[in-house]
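Okay, so here's the structure we're looking at.
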Amino acid sequence: MRPTLTQAPSAQDLREKILFHLTHTQGRGPEFATVFDWRLAVSYTVRDLMVGPWVGAIRAARDHGAKRVYYLSMEFLIGRILGDAIINLQLEPAIAEALTQLGLDEQEILDNEPDAALGNGGLGRLAACFMESLSSLRCPAYGYGIRYEHGLFRQSFENGQQVERPEDWLNQPHPWEFVRIDYSYRIGFKGQVETVDGRAVWHPGESVIARAYDTPVIGWGGDWANSLRLWGAHPTTLLDLPRFNAGDYAAAAEPEALARTLSRVLYPDDTTESGKELRLKQEYFLTSAALQDILRRFLAEHDDLSLLPQKVAIQLNDTHPAIAGPELIRLLMDDHGLPFERARDLARATLNYTNHTLLPEALERWSTWLMGRILPRHMQIIQMIDDDHRDATGRPSHVGIVHNDQVHMGELAFIMAGRVNGVSALHTDLVRDTVFADLHKLHPDRIVNQTNGVAPRRWLRMSNPSLTRLLDDTIGNGWTGDLDQLQGLEDHAQDASFRDSLRAAKRANKVWLSNGLLTKLGVKADPDAIFDVQIKRMHEYKRQLLNILEAIALWHRIHDDPNGGWTPRVKIFGGKAAPGYWLAKSVIHLINDVAATINSDPITSEYLQIAYPPNYNVSMAEDLIPAADLSEQISTAGKEASGTGNMKFTMNGALTIGTLDGANVEIRELVGSENFFLFGLTAEEAAAEKARPGHARAAIEASEDLQVALQLIAEGRFGQADSYYSLLDRTWNDDPFLVASDFDAYFAMQRQVDRAFADPASWVRMAALNIARSGFFSSDRTIRGYMRDIWDVRPVTA
Ligand SMILES: *Cc1c(COP(=O)(O)O)cnc(C)c1O
């Protein structure tokens, strides 16, 4: 572990600073202060301790002439900041003592912070974990994103159905950010391109200002912080004054309203492309602001643009910022006078692209008409890139960026990237063999793998204090910054007293969650039951439907034989559906309807309960994962790129029931096949099964349990049957994600889980081995891989 802060503040220091900020920053006396006031006072106190390391890191990077990493992402799913900052600055237990002295409840203060929900799910959460690891590893880096005024919508249920309400985290002061009015860039759209003296000049028809809002991200050990720089959209002219003076106030405010629309809301689609004009503008807004900022910083330190690849590494998180290729070429050609070929080479040596999905419906495409209208100069450059690549490679005619009047952003990102990476071993193989098979043949060294990871500070040390205490007592706290040290638990897994402690830690988390489920949802969750958890975005490929059908079939069996020695189980679901994704919404409805029926059945209630807390987000994940016994990772093989939820569960000692998909493959290899509940078709088998006509009907007819489950839904045993006709029809007649084909294998494996859980000594041993062997899934390991294989950057050491 890194040395602790040079002057770690005492509880006394912290208490004084909190009172200072309460009085002088919040402007409140302690006797009038609300929890909100106290939370802000505590946040400013903690923030003060981040600023020194932050300014120091920026200075050190400049003084060393270091290469910087720029991570461009439309999403950063950060969650709460205060608790994580306290952990990374190692302010526990001084802060706890200070708060106690002030008569405050630490948990209440932490819970007062709204989640920064600037992302949909895994992709945005990965970006947040990466930011934390970059700082923990002292890698000079900037995250660039959009400062959405409204993050991901809030989910509630009415009559079992999802209702969306706007999220409004910026309705209150956000204590972690610093506005940089001096870092503002003009972002143009539309207009015309003319040629002046052989050089293209773009005259945008509209423009907005991108203004920087910085948040420091403190690393583990508290001695380095990088910036997360989020762009807010502002008008170029605030007010149409003549109109205002004429009394037309609404029209006068129009420029401002139009500009702000760009950073107003996060698109709530996860792995589905929406194709909307505003989305394209948002993507360009982020990308252009980031690249202008990167070039400004580079040119402040260097005057030779050919050094760019040695000083700058840019990572595109999915294709969302893929317009970076044409934009960087545009800036180098049109603003700096470089010829196309040099601009192209510099851009390609600087840019890299991470692919996150193989689902065809998720691959971004824009019509050439829309692209040409919104970004006319970029459309020209895209055509140049495409022609140039065709001429250089002699590629087959079906390969390319522009096809059928559409711009394919995946191909654009690939062709403009030095390195393209997948996010798990299996996914990278599939990227090579499927989506980018043709481009891979032309550029066989370009695709590399970087298996995802998660930050152990947030996902273990902060969220699971009872397990953290046991780990610290057993192997010391070095695991926090070096997760491979968890291997030290291997030997302890054989030790009965260690296993008792591990079991007690898990049980404490389950008791705590059980109380929450009772008070918030009225669900009675017996802490001695299996806590079986599936939390993730609602999507057909993730197969929440398979899980709820299994629950129905199990319920039916228990009902038939209540004295059959059933292992009690609490199934917990969490997740939002995209507002326009009606099939996913109908699964949400079904889960809630099934829960209502099953939970109140006196015959089975002792053995089976279903809980679906609404509004799944980062904070809820932090509460649920430490209390889980069983992690559901049951996507159709070949569809989940990596998953990161699966890793969080493993390091918190939940066993996985899962398919050979994404990083599940690597989790199973590392924890050992005997400590993992595997079921289902492989990716190859799934592809073959899907091609077999009538596969769904055949599978349903072969499975009595599945037939019963589907029949019970069709009979209206759970809510109105007609709510579910489409879902049933799709399952019988199409079933593209093979719920029916994998049902029996899943049901049988769940019964094996029941038996395994009934032997606590062996279960806890398996859980201990899962934790001990989860070190690989630290995002520190992932970031080291990017630094070595993609970015060629080194940490800055003192
Ligand atoms: C980790 C995480 C995800 C990703 O979960 P998967 O199971 O990998 O899809 C999504 N949302 C939140 C809030 C998370 O914390």
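The values are calculated or read from the model by the stated rules, or taken from the named source; none is laboratory data. This structure is a prediction, so every number in the text was calculated from the model and none was measured. Because the Cβ atoms are built from the backbone with ideal geometry, glycine has one as well, and the counts that use them run over all protein chains shown. SASA here: full protein model, heavy atoms, side chains in, ligands and nucleic acids out. Shrake-Rupley method; radii C 1.70, N 1.55, O 1.52, S 1.80 Å.
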**OP:** Filter region 585-626 down to residues that are touching a strand residue (DSSP E or B) at 6+ places or on another chain (Cβ under 9 Å), more than 16 Å from the ligand (Cβ to nearest atom) and not small (Gly, Ala, Ser), then give me how many there are.
**Re:** 12
**OP:** All but one of (1) buried (at least 23 other Cβ atoms within 10 Å of the Cβ); (2) more than 16 Å from the ligand (Cβ to nearest atom); (3) of a type in the set (D, E, K, R) hold for Glu97, so report the exception by its number.
**Re:** (1)
Original post:
Looking at Gly662, is it at positive phi, open to solvent by 10 Å² or more (accessible area, probe 1.4 Å) and touching a residue at least 12 places away in the same chain (Cβ under 8 Å)?
Top reply: no
Original post:
Name the pairs: first residue in region 116-128 and assigned by TED's automatic domain parsing to the domain that holds Trp176, second residue modelled with pLDDT under 95 and buried (at least 24 other Cβ atoms within 10 Å of the Cβ), Cβ to Cβ under 8 Å, at least 6 apart or on different chains?
Top reply: Asn120/Asp270; Gly121/Asp270; Leu123/Asp270
Original post:
Does Gly580 meet the test of being touching a residue at least 40 places away in the same chain (Cβ under 8 Å), open to solvent by less than 50 Å² (accessible area, probe 1.4 Å) and within 28 Å of the chain's Cα centre (by Cα)?
Top reply: no
Original post:
Inside region 181-215, can you point out the residues that are within 22 Å of Tyr142 (Cα to Cα) and surrounded by 15 or more Cβ atoms within 10 Å (Cβ to Cβ)?
Top reply: Tyr183, Ser184, Tyr185, Ile187, Ile209, Ala210, Arg211, Ala212, Tyr213, Asp214, Thr215
Original post:
Is there a residue being among the aromatic types (Phe, Trp, Tyr) and within 16 Å of the ligand (Cβ to nearest atom) anywhere in region 426-441?
Top reply: no
**OP:** With a cut-off of at least 3 residues that are closer than 16 Å to Met379 by Cα, open to solvent by less than 20 Å² (accessible area, probe 1.4 Å) and of a type in the set (A, V, I, L, M, F, W, C), name the helices (runs of 4 or more DSSP H) lying wholly within region 307-355.
**Re:** 324-330
**OP:** Output the number of residues of region 122-136 satisfying the condition of being touching a strand residue (DSSP E or B) at 6+ places or on another chain (Cβ under 7 Å) and either on the phi > 0 side of the Ramachandran plot or of a type in the set (A, V, I, L, M) (or both).
**Re:** 5
**OP:** Looking only at region 234-253, decide whether some residue is touching a Gly at 6+ places or on another chain (Cβ under 9 Å), open to solvent by less than 30 Å² (accessible area, probe 1.4 Å), farther than 17 Å from Val179 by Cα and not in a strand (DSSP E or B).
**Re:** no
Original post:
Across region 551-575, what is the total count of residues that are open to solvent by less than 50 Å² (accessible area, probe 1.4 Å) and polar (S, T, N, Q)?
Top reply: 1
Original post:
Quick check: anything in region 522-529 within 24 Å of Ala504 (Cβ to Cβ), of a type in the set (Asp, Glu) and either surrounded by fewer than 24 Cβ atoms within 10 Å (Cβ to Cβ) or away from the ligand (no atom under 16 Å from the Cβ) (or both)?
Top reply: yes
Original post:
Given the structure, is Ile548 open to solvent by less than 20 Å² (accessible area, probe 1.4 Å) and either closer than 14 Å to Tyr607 by Cα or within 16 Å of the ligand (Cβ to nearest atom) (or both)?
Top reply: no
Original post:
Within the group Ala33, Ala61, which residue is under 26 Å from Ala128 (Cα atoms), open to solvent by less than 60 Å² (accessible area, probe 1.4 Å) and either in the same structural domain as Leu230 (by TED's automatic domain parsing) or among the small types (Gly, Ala, Ser) (or both)?
Top reply: Ala61
Subject >> Scope region 711-729; condition in a helix (DSSP H, G or I) and surrounded by fewer than 13 Cβ atoms within 10 Å (Cβ to Cβ); matching residues >> reply: Asp722, Ser726, Asp729
Subject >> Segments classed as strands (runs of 3 or more DSSP E), wholly inside region 592-710, with at least 1 members that are not assigned by TED's automatic domain parsing to the domain that holds Ala767 >> reply: none
**OP:** May I ask you to verify whether Glu113 is under 30 Å from Glu16 (Cβ atoms), among the acidic types (Asp, Glu), within 16 Å of the ligand (Cβ to nearest atom) and assigned to a loop (DSSP other than H, G, I, E, B)?
**Re:** yes
Subject >> Per-region count, region 36-58, residues surrounded by 14 or more Cβ atoms within 10 Å (Cβ to Cβ) and closer than 17 Å to Trp224 by Cα >> reply: 10
Original post:
Can you name every residue in region 638-655 that is open to solvent by less than 10 Å² (accessible area, probe 1.4 Å) and more than 11 Å from the ligand (Cβ to nearest atom)?
Top reply: Thr650, Met651, Asn652, Gly653, Ala654, Leu655
Subject >> Filter result (in a strand (DSSP E or B) and either in contact with a helix residue (DSSP H, G or I) (Cβ under 9 Å, 6 or more places away or on another chain) or not assigned by TED's automatic domain parsing to the domain that holds Gly232 (or both)) within region 139-177 >> reply: Ala141, Tyr142, Gly143, Tyr144, Gly145, Ile146, His150, Gln155, Phe157, Gln161, Gln162
Subject >> Residue list for region 507-521, restricted to those being more than 15 Å from Ile572 (Cα to Cα) and in contact with a Ser or Thr (Cβ under 8 Å, 6 or more places away or on another chain) >> reply: Ala508
**OP:** Output the qualifying pairs, or none if there are none: Cβ atoms under 8 angstrom, residues six or more apart or on different chains, first residue in region 609-626 and in contact (Cβ under 8 Å) with a residue 24 or more places away in the chain and of a type in the set (D, E, K, R), second residue near the ligand (Cβ under 10 Å from one of its atoms) and part of a helix (DSSP H, G or I).
**Re:** Glu622/Arg458; Glu622/Trp459
Subject >> Residue check, Glu16 assigned to a helix (DSSP H, G or I) and surrounded by fewer than 20 Cβ atoms within 10 Å (Cβ to Cβ) >> reply: yes
Original post:
Say we look at region 265-295 and pick out the residues that are in a helix (DSSP H, G or I) and acidic (Asp, Glu); which of these is farthest from Ala577 (Cα to Cα)?
Top reply: Asp293
